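Q: Before anything else, here's the structure in question.
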């Protein structure tokens, strides 16, 4: 045993002389000091990383058997759709790999939404973590792209018509839209060319960027250190050393979290992989048919809040962003110098002309994209003197509660066929959603916050 | 252009006519009953395969429900010895008006908030009634104005719809009515199997994995407690 140990030590010395292996381990695990009061909410970052690894590994095996081919086989079924069924039936353990991947996609979003919620609770996006946050927003956008392109690959009715709806959004862009849509689809309708594009995006282009961004996200986090539920930098604490090393304390805690997470995850994979039609939609078991549009095309649940925002922008509703823009520019004109006043007035006029002349469908797409982009502004919108919800005042708590409610309501409505009343509710939800961000500089300044503890409460 | 396409896409839907909301009967779970699955496979070949393919179901998956090679070959041949297969799509369009859908995944595709796809199929196949206004002479209370004729009519007999929208048996079929329910449930069980042959394997492994993870959970908790007892 002693001999083996000394051999291993010499091997490690050999490697360390050529590559900073021990230094990396110390920097990222054994001597990476983290606050000791990280709670339940802090597990979702690590779980998101786990889901990424799971999706990559299962995805590799799926790509071995999947065929991105929209042509019709001898039985009248598109080859792509049939190849998924071959994986489900005739590839050994193919059903498990496919269900892990399909459940993994939805659970990835669950985990990421909870990860983001943790940042909202404890103000993890605030200075000095702006870059961690911005990289996170970019990761989320990649995740949306990879989920959308992957969903098209199963080539069922929902895949096909969902792709049709999303690709048609591009054609609402003034002037270049219709040509851009054809360039993206590779055809006038979603077809074989689109499927090939989605395959390339899903298996290589987006994941490559995604993995790079995740690495940058972690590197940036290591630079500034983890936030904690008190929102007070533990490095500024009075006794100076309340941090504990990541390894072994948080590694063992993560192992426990992993066990707690894998139990419900496996229960879904093995006992209800369709999850009531939310993780695998029933209509998607019907092969894509360009001649039969389903009565109602619903997006996957994780896109539905954004889809709701898209649909909420009806021609009548455009007056709401019109008013908001007007108020904003009046404020700018009131406070700024005369040369800027002129440009502001010009921009306001252009915006008004745009709202008046360009189709509401375009503004719906702008609102949908904006509803994701606006997250990036969060570090500069929050002017609260404290970070954590524990010490924030009433307005911030109320705003967060309203925001979460609007997100859930928009999510529900996005999966329902639109009616007059539901559209009205989704418009109210859209206003609340954007108000949470855009009014943040106002209500966080007005808030009466509690004083933060000078040092962390252990 | 896209608007035109969407309008065009709706036309077949109108011709198809969606079904009204009907309460679905619960299909008995026969997923572990090899006899029922085999009987369902035989019924499928005898009554359904003339129009409906099950293209995703391969030979090996029929072996899995205990059918021998001789049975599979013998069953799938018509009395003349010709291998049975669905009619060509051109013939189907001429005689029935549309190509009958492939049924490999029908019990998954027909799932809804009303019930599982198996419930839907089990109810649908027991809800045909006489309707002289339809080209086939049959209508269905689950899918109103269905294009499919009642191919199992010899087995079920003839039902008519009374004034309260209820179905009444007016001319019994060869087997007794309860036997017809068994026949349909066997056929449903076979198609549920065809929709996901791995389903029973999946559940079996599910129990194994959950037990394994529970043990892992206990160990992980003990490990965490051991390390964290020094902190605080």
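For (1) at the interface with chain A (Cβ under 7 Å from one of its Cβ atoms); (2) within 13 Å of the chain's Cα centre (by Cα), each residue gets a yes or a no:
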position	(1), (2)
B:195	no, yes
B:198	yes, no
B:208	no, no
B:213	yes, no
B:225	no, no
B:230	no, no
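Here is a yes/no grid of residues against (1) in contact (Cβ under 8 Å) with a residue 60 or more places away in the chain; (2) within 24 Å of residue A:399 (Cα to Cα); (3) within 14 Å of chain B (Cβ to nearest Cβ):
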{"position": "A:61", "(1), (2), (3)": "no, no, no"}
{"position": "A:80", "(1), (2), (3)": "yes, no, yes"}
{"position": "A:97", "(1), (2), (3)": "no, no, yes"}
{"position": "A:117", "(1), (2), (3)": "yes, yes, no"}
{"position": "A:125", "(1), (2), (3)": "yes, yes, no"}
{"position": "A:143", "(1), (2), (3)": "yes, no, no"}
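Q: Moving on to the next point. In the list B:114, B:105, B:121, which residue meets the criterion of being surrounded by fewer than 16 Cβ atoms within 10 Å (Cβ to Cβ), within 14 Å of chain A (Cβ to nearest Cβ) and at pLDDT 90 or above? Please lay out each step first, then the result.
A: Values: B:105 fails: surrounded by fewer than 16 Cβ atoms within 10 Å (Cβ to Cβ); B:121 fails: surrounded by fewer than 16 Cβ atoms within 10 Å (Cβ to Cβ).
Step by step, each of B:114, B:105, B:121 is checked, and only B:114 is surrounded by fewer than 16 Cβ atoms within 10 Å (Cβ to Cβ), within 14 Å of chain A (Cβ to nearest Cβ) and at pLDDT 90 or above.
Q: If you don't mind, another one. Tell me, please, whether a residue that is in a helix (DSSP H, G or I) and touching a residue at least 24 places away in the same chain (Cβ under 8 Å) can be found in the stretch A:331-343. Give the steps one after another, and end with the answer.
A: At the first step, the residues of the stretch A:331-343 found to be in a helix (DSSP H, G or I) are A:331-335, A:338-343.
If we keep only those that are touching a residue at least 24 places away in the same chain (Cβ under 8 Å) too, we end up with none.
No, the stretch A:331-343 contains no residue that is in a helix (DSSP H, G or I) and touching a residue at least 24 places away in the same chain (Cβ under 8 Å).
Q: Quick one: count up the residues across the stretch A:275-293 that are more than 7 Å from every other protein chain (Cβ to nearest Cβ) and surrounded by fewer than 19 Cβ atoms within 10 Å (Cβ to Cβ).
A: Residues that pass the stated criteria total 5.
Q: Now for a different question. Exactly one of (1) within 30 Å of residue A:357 (Cβ to Cβ); (2) more than 14 Å from chain B (Cβ to nearest Cβ); (3) not in a helix (DSSP H, G or I) is unmet by residue A:188. Its number?
A: (2)
Q: Does residue A:72 satisfy the criteria of being more than 10 Å from chain B (Cβ to nearest Cβ) and free of Cβ contacts under 8 Å to residues at least 12 places away in the same chain?
A: Judged against the criteria, residue A:72 is a match.
Q: Kindly provide the set of residues from the stretch A:145-175 that are modelled with pLDDT of 95 or more and assigned to a loop (DSSP other than H, G, I, E, B), ordered by number.
A: Listed by number, the residues that qualify are A:154, A:155.
Q: If a residue has to be out of contact with any helix residue (DSSP H, G or I) (no Cβ under 8 Å at 6 or more places or on another chain) and either in contact (Cβ under 8 Å) with a residue 60 or more places away in the chain or within 13 Å of chain B (Cβ to nearest Cβ) (or both) to count, how many in the stretch A:294-319 make the cut?
A: Of the residues in the stretch A:294-319, 1 are out of contact with any helix residue (DSSP H, G or I) (no Cβ under 8 Å at 6 or more places or on another chain) and either in contact (Cβ under 8 Å) with a residue 60 or more places away in the chain or within 13 Å of chain B (Cβ to nearest Cβ) (or both).
Q: One residue is enough: does the stretch B:11-24 have a residue meeting the conditions more than 10 Å from every other protein chain (Cβ to nearest Cβ), at pLDDT 90 or above and either assigned to a helix (DSSP H, G or I) or within 21 Å of residue B:181 (Cα to Cα) (or both)?
A: So far as the stretch B:11-24 goes, yes, one or more of its residues are more than 10 Å from every other protein chain (Cβ to nearest Cβ), at pLDDT 90 or above and either assigned to a helix (DSSP H, G or I) or within 21 Å of residue B:181 (Cα to Cα) (or both).
Q: Quick one: is residue A:54 touching a residue at least 40 places away in the same chain (Cβ under 8 Å) and within 14 Å of another protein chain (Cβ to nearest Cβ)?
A: No, not satisfied.
Q: Continuing with the same structure: Show me the helices (runs of 4 or more DSSP H) entirely contained within the stretch A:361-458 in which 2 or more residues are more than 24 Å from the chain's Cα centre (by Cα), more than 14 Å from chain B (Cβ to nearest Cβ) and closer than 27 Å to residue A:129 by Cβ.
A: Counting at least 2 such residues, we get A:394-414, A:440-446.
Q: With respect to residue B:137, determine if the residue is more than 11 Å from every other protein chain (Cβ to nearest Cβ) and over 25 Å from residue B:57 (Cβ atoms).
A: Yes, satisfied.
Q: Moving to a separate point now. When the stretch A:261-274 is examined, which residues are found to be closer than 23 Å to residue A:41 by Cβ, at the interface with chain B (Cβ under 7 Å from one of its Cβ atoms) and surrounded by fewer than 17 Cβ atoms within 10 Å (Cβ to Cβ)?
A: The first filter runs over the stretch A:261-274 and keeps only residues closer than 23 Å to residue A:41 by Cβ, leaving A:261-268.
Next, from what is left, pick out any that are at the interface with chain B (Cβ under 7 Å from one of its Cβ atoms): A:262-263, A:266-267.
Correct list: A:263, A:267.
The values are calculated or read from the model by the stated rules, or taken from the named source; none is laboratory data. Quick caveat, the model's predicted, so the values are computed rather than measured. So basically every Cβ, Gly included, is an ideal-geometry build from the backbone, and we count neighbours across all protein chains shown.
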